[in-house]
Amino acid sequence: MLQHAILVLLLPLASAAIIALFLRRAGGAAAGLATAVAAAIAAIAIILAIHGEPFSASMEWLRLGDFSLSLGIKFDDLAALMLCIVGIVGLCVHVFSLGYMHDDPCRGRYFGGLSIFMFSMIGIVLADNLFMMFIFWELVGFSSYTLINHFHEKQSAADAAKKAFIVNRVGDFGFLLGIVACYWLNGTVNLTELGDKHVFSTMIPLLLFCGAVGKSAQLPLHVWLPDAMEGPTPVSALIHAATMVAAGIYMLCRINVLMTPDALTVIMWVGTATALYAALCAITQRDIKKVLAYSTLSQLGYMVAAFGLGSTHAEEAGAAVLAAGVGAAMFHLTTHAFFKALMFLGSGSVIHGCHHEQDIFKMGGLKAKMPLTFITFTIGVLAIIGMPFLAGFFSKDAILHLALENNHAVFAVLGFTVILTAFYMVRLWILVFLGTPRSEESAHAHEGGWSMTLPLVLLAVLSVLAGYTSLYGHLFDGVWSLIPHEEGLLIPLIGDALMLVGLTAAWVLYKPAADDALAQKSPGLFGALGALKASFDKLYDYYVAKVQQRFAMLLNFLEQVILSGLIVRGGAGLAGLFGLGARAAHVGSLHAYVYWFLAGVALLWAYAAGVF
Amino acid sequence: MNLLPWTIYLSFAGALLALVAGARSAAAARGIALVTALASWGVVLVAATGFTPAPKMVTLVDAPWIESLGIHYHLAADGISLVLLVLTGLAATAGVLFSWNIKERTGEFFAYFLTLIGGVYGVFLSADAFLFFVFYEIAIVPKYFLIANWGSTNREYGAMKLVLYSFAGSALVLAALLWIYAAGGASGFGLGELTAAAATLGRPEQLAVFALLFLGFAVLAGMFPFHTWAPTGHVAAPTAVSMLLAGVVMKLGAYGCLRVALPLVPDALAFWQPAILALAVIGIVYAGLIALVQDDFKFVIGYSSVSHMGFVLLGLGAGNVRAASGAVLQMFSHGVIAGLLFAVVGRMVYERTHTRKLADLRQLPLHKLLPFAAVVFVIAGLASMGLPGFSGFPAELAILIGAWQTSPFWALGAALGVLVAAAFTLRAIQVSFFGKDDRDPVAADAHHHYEPISVPEKAGAFLLIAASLVVGLKPDLLFDWITPALQSPAFQAVLKGGTP
């Protein structure tokens, strides 16, 4: 099995290397290779999961005296689940990309980037220690950078890629310090060894959580994710919805033993705030991908909150209580990966069909033009808003159940967010699919080829079935057994009631129209929501442009004028003046020298005579 | 191992030959330079294969030189010197490749170039402080002529500033060495003899001597606030000389700190440590922020160099084996990566576009005009940001881990520097190469046909990228040489806070 794990890690690396070296200009071959590798990854991931036995292995990478870093694999049910998600969604996105990116002149680079991403993501999943996780964490950030930057001729895409990388670096700054602190406190960063023995310190999990805040785009580092939608849509589906952004939650689950109640409280509130904030932002968006991006943020907030809720009431963080958080978070991560990837690919299909129109107010009537996309997208919408018997229903219930048990304030916020989620998703759905086409592009919309519809169907099936944990047989039992189960119908009833409120409100308010109904009926509220969305970007822009840039300019001024200019050149000037003075004394006239000589003699005499 | 002194002799002989042959044929001078650089690098690599890491310096040559003063021609090497010798060979070879297009007085250029290299090899091999000093001076002088004759922007000023700083630094070093020699009554200039002599000095004297030595060397390593020679010098210098300046000459200073300053007065580090750590970290962040707002492409790289050298000083100042090993690895890593960055900016871009202003470069679709240069610069930029897989990552990681042990506060400051590095590197990548699309009609007008990237340039780029990757993927290759060397009694006295 170890060989399988190594193979699944190295296959995409080999693919990326081959594409980078030989297939940069052979787009078709690169696409074929990367897709074949993605299929192999999915297959091996499932074989590994079915085999199921946990195992681990590692080898030393570098040694500094008594300190050593190793690269290793830790495979258990948690890793198996994540690996399967990455494999299956990865395969769907690769296949979808075959059609979606067919006419792109830089297909080679695109598929090479996807392969690097698969490699780095699988590295995070399999890593057996925090340093190795950090290495792949950075690589995943790099592949995200290159893929967002795919259309680098567009200034906005280049800016978005840079922003994503730097904001993630801010989070990684804390992550790295957390790893170093963890090493010094515990003497190891190996996940298994940490599980056996570790010191409780609130600082360490919080520093490590910074990494998750960056990668999983939680407040206040969420700003990069909406901008990252500048990347090709399949990339958004794979990286910025289903897998990479979920890596933060996966990492938290990996280090759950290190958590302390205080740390969990912070994590819980960050997740809750993100869930609410992003849902509010999603309401005013006009771009189909931006709506989905904010929805992703919101759902990631649910997962983080679920993790934090796991044991906030525990006296001492114990594995049994914590596990409830892990179970709920990973469950929602799984269902979300499928239905959100489905909706992103669906939006890709819509964008492709509408000739790259992304404004939902210019769409409409796609129900008839793109029936398959319509049906699958509808399943995705129903799954995310929590319609009974679809995947999202079960996983969201598990989270609401945890919230109700542990913290009523959080429950209230998450419950309210359920209303918002139904509201903005139904709004999107009405505007895109119902009514009549409102633009030239949408009037001529058409369904993509099989490579684009097949992944949609597969993901739609999964978006229904992924919620039934009994269907998995014994796969991932280690994770599923942790999911909290409620008794009775209280939570489903509350959840559905809330969902229906949001759904009805959207149904009443929005008709397929070219203008935003909310903006017309309640411009104040609409404006406030828009301002709320812009607030963070404004704050950061202010910091970058007005604080950091000016501070750097000031330093530059000090450097050039004071340090290089006044002190260094001034020093040189002083020496020069002295030289000028000395030169002035050398006039070349014998008379002058005789006078100097006499003056010298007089001084010597005076000195000898004791005048001084 | 015993072949190692030949690196020095070969370089000096090559310099002479290049001078003679260059008078007749530039091609001959180039060929001689390349063969010399490769041969001396080959000597190092051959010696490295037979090298067994040990906690001591292996003496290669030890002959009396000026007997009345106890000065010896004493060459020796350990794992640390070996790492830097490998770097020197690499930088020299890449430097020759990137100077392939020097047309003016080619022979003289390579004569100075190889003299500098010979001096650098000499410094890394010296076990006698006086000899060390002599080689150190030999390495400084050719820099002046190289920059003043073949340089570009403001070259006289840059050359003068650089040389004055270097001489000022070495004056401090010489003063300190003579002080120890005279006041401590040393029998010679061997590092061991000087250490014994320094131990007899009073505490205030020891502290002062250490300060002079460390400061004197740190000037050449680009320590804040004595770094301003570096960006100006880099900008003024011809490409290959920028590569050597950042690649090896700055390492002379850092190496001097490690090999001479720290062990001579082992218990002074504890006293000066707060100051060293503070200046190192301030330098990292300060230079990084300044790099963020530069408008000259080469100044961006120049300040990034200062920022990265701050990590070396931090590692040396932290005073433990992890940080010090990281510092040595960072010397290697920075030498390779900065060399690559300067090669792209100076040779591949500037000599074709004749502008280094970022505002001008962003008007050009450079990634389309010079795709190879764009790819190399992106790779070098990633390496410079400390992305895993490249040599900077294990180096900076080891330094951070070690520095955390000494002072979490300064480790935090240094980590902030990593963040700034990402910001200025990405800005440089975006503005320089990916500024504009050539579908834009204005840019299409400016669609120059640049001379394609030549074979020597490609070879040099591959060489440096490969070095950074190999060390980044398998850092133990070098750590296995470095850490045992740091177990020697001389270093242990420093790294354990003065108790031998």
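The table below gives the values:
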item: With at most 15 other Cβ atoms within 10 Å, longest stretch of chain B clear of loop trypsin sites (Lys or Arg not before Pro) (DSSP); result: B:104-438
item: Cβ-based net charge around B:PRO452, under 15 Å, with every Lys or Arg adding one and every Asp or Glu removing one; result: +1
item: Low-density loop positions, GluC sites (Glu not before Pro), the range B:42-133 - DSSP coil, at most 10 other Cβ in 10 Å; result: B:GLU104
item: Distance from the range A:480-525 to the range B:162-199 (C-alpha centre basis), Å; result: 78
item: Separation of alpha-carbon centers, the range A:1-34 and the range B:236-285, rounded to whole Å; result: 42
item: Fewest-first ranking of A:HIS444, A:HIS152, A:HIS240, using other Cβ atoms within 10 Å as the exposure measure; result: A:HIS444, A:HIS152, A:HIS240
item: Prolate/oblate/rounded label for the range B:1-122 (Cα gyration tensor, a/c 1.5); result: oblate
item: Nearest 10 degrees, 0 to 90: helix A:130-148 Cα axis against chain A principal axis; result: 80
item: Helical mean residue ellipticity (222 nm; -39500 (n - 2.57) per DSSP H run of 4+; nearest 500) of the protein assembly as shown; result: -23000 deg cm²/dmol
item: Axial C-alpha extent at least 30 Å, average Kyte-Doolittle at least -0.5 - helices from chain B (DSSP); result: B:26-49, B:129-150, B:155-183, B:269-292, B:297-318, B:321-342, B:408-433
item: Assigned charges on the beta-carbon of Lys, Arg, Asp, Glu; the protein assembly as shown dipole about Cα centre (debye); result: 2160
item: Tail weight of P(r) past 43 Å, computed on alpha-carbon pairs of the range B:6-492, percent; result: 11
item: In degrees, nearest ten, helix A:570-585 long axis to first principal axis of chain A (Cα); result: 20
item: Rg in Å to one decimal, and Dmax rounded to a whole Å, for the range A:45-161 via C-alpha atoms; result: 17.1, 54
item: Neighbour-count ranking [beta-carbon atoms within 10 angstrom, fewest first] of A:LEU69, B:LEU146; result: A:LEU69, B:LEU146
item: Whole-Å semi-axes of the ellipsoid equivalent to chain A (Cα gyration tensor, √5λ, descending); result: 54, 31, 27
item: Top positive-direction residue, dipole computed over the protein assembly as shown with Cβ charges, set A:HIS336, B:GLY118, B:SER407; result: B:GLY118
item: Global geometry of the range A:460-612, whether rounded, prolate or oblate, following the gyration tensor of its Cα atoms and the 1.5 cut on a/c; result: prolate
item: Mean Cα-pair separation over length for chain B, i.e. relative contact order, pairs under 8 Å, 6 or more apart, %; result: 16
item: Between helix A:27-51 and chain A: long-axis angle, C-alpha atoms, 0 to 90°, nearest 10; result: 70
item: Proxy reagent accessibility, fewest Cβ within 10 Å first, across A:ASP196, A:ASP262; result: A:ASP196, A:ASP262
item: Cα centroid of the range A:218-287 to Cα centroid of the range A:142-156, whole Å; result: 20
item: Mean Cα-pair separation over length for chain A, i.e. relative contact order, pairs under 8 Å, 6 or more apart, %; result: 13
item: Among B:LEU162, B:ALA33, B:LEU87 - extreme Cα towards positive end, dipole of the range B:6-492, charges at beta-carbon; result: B:ALA33
item: Scattering profile of the range B:367-420 at q = 0.25, 0.31 Å⁻¹ [log10 I(q)/I(0), Debye over alpha-carbon scatterers]; result: -0.91, -1.10
item: Per-residue average of Cβ from other chains inside 10 Å of A:146-157; result: 2
item: Gyration tensor (alpha-carbon) shape descriptor, the range A:241-360, a/c threshold 1.5; result: prolate
item: Average other protein chain Cβ within 10 Å of Cβ, residues B:377-386; result: 1
item: Distance histogram for the protein assembly as shown (every C-alpha pair counted, 20 angstrom bins, percent rounded to whole numbers); result: 12, 39, 31, 14, 3, 1
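All of the numbers you see were taken from the coordinates with simple rules; none came from a lab. All values derive from a computational prediction rather than experimental measurement. Please note: Cβ atoms are built from the backbone with ideal geometry, for glycine as well, and neighbour counts cover all protein chains shown.
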